[in-house]
1. Considering only the stretch 1-26, state which residues are more than 15 Å from Arg65 (Cβ to Cβ), in contact with a His (Cβ under 8 Å, 6 or more places away or on another chain), in a strand (DSSP E or B) and not aliphatic (A, V, I, L, M).
2. Could you please give the count of residues in the stretch 1-43 that are farther than 16 Å from His75 by Cα and either surrounded by 16 or more Cβ atoms within 10 Å (Cβ to Cβ) or among the basic types (Lys, Arg) (or both)?
3. Of the residues Gly16, Gly26, Gly38, Gly42, which single one is at positive phi and in contact (Cβ under 8 Å) with a residue 60 or more places away in the chain?
4. Is it the case that the stretch 67-77 has a residue that's touching a residue at least 60 places away in the same chain (Cβ under 8 Å) and among the hydroxyl-bearing types (Ser, Thr, Tyr)?
5. For the stretch 21-43, which residues satisfy the criterion of being within 13 Å of the chain's Cα centre (by Cα) and closer than 14 Å to Pro9 by Cα?
Amino acid sequence: MLQHTQTMPLSLVPPGYTVELVQIHGGQKLRKRLADLGLNVGMTVRVMQGDSSGPMILAVKGDARLALGRGITHHVVVTAPHAAG
């Protein structure tokens, strides 16, 4: 079970968890690209799908879905506030 104060790369969060983005490791170009996609530090996202063989699917801002490749998800640091219930 994930702890509230635990931080980890987004790539390690299992499906069904809602997490808060706390930091983006990488250069200005990566941070801008993620911001352009609507991902900013402080927001919460829910991991919908997270197979190790494909992209991670996130639910953002209600019904919107976003697919991120594994390489990018390794650079996004999150906390895990709670599991979906």
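Bear in mind that the values in this text are calculations on the coordinates, not laboratory data. All values reported here derive from a predicted model rather than from experimental measurement. Backbone-built Cβ (ideal geometry, glycine too); neighbour counts: all protein chains shown.
1. Pro9, Tyr17
2. Residues in the stretch 1-43 being farther than 16 Å from His75 by Cα and either surrounded by 16 or more Cβ atoms within 10 Å (Cβ to Cβ) or among the basic types (Lys, Arg) (or both): 3 in total.
3. Numbers: Gly26 fails: in contact (Cβ under 8 Å) with a residue 60 or more places away in the chain; Gly38 fails: in contact (Cβ under 8 Å) with a residue 60 or more places away in the chain; Gly42 fails: in contact (Cβ under 8 Å) with a residue 60 or more places away in the chain.
Just one listed residue meets the conditions, Gly16.
4. Looking through the stretch 67-77, at least one residue is touching a residue at least 60 places away in the same chain (Cβ under 8 Å) and among the hydroxyl-bearing types (Ser, Thr, Tyr).
5. Leu21, Val22, Gln23, Ile24, His25, Val41
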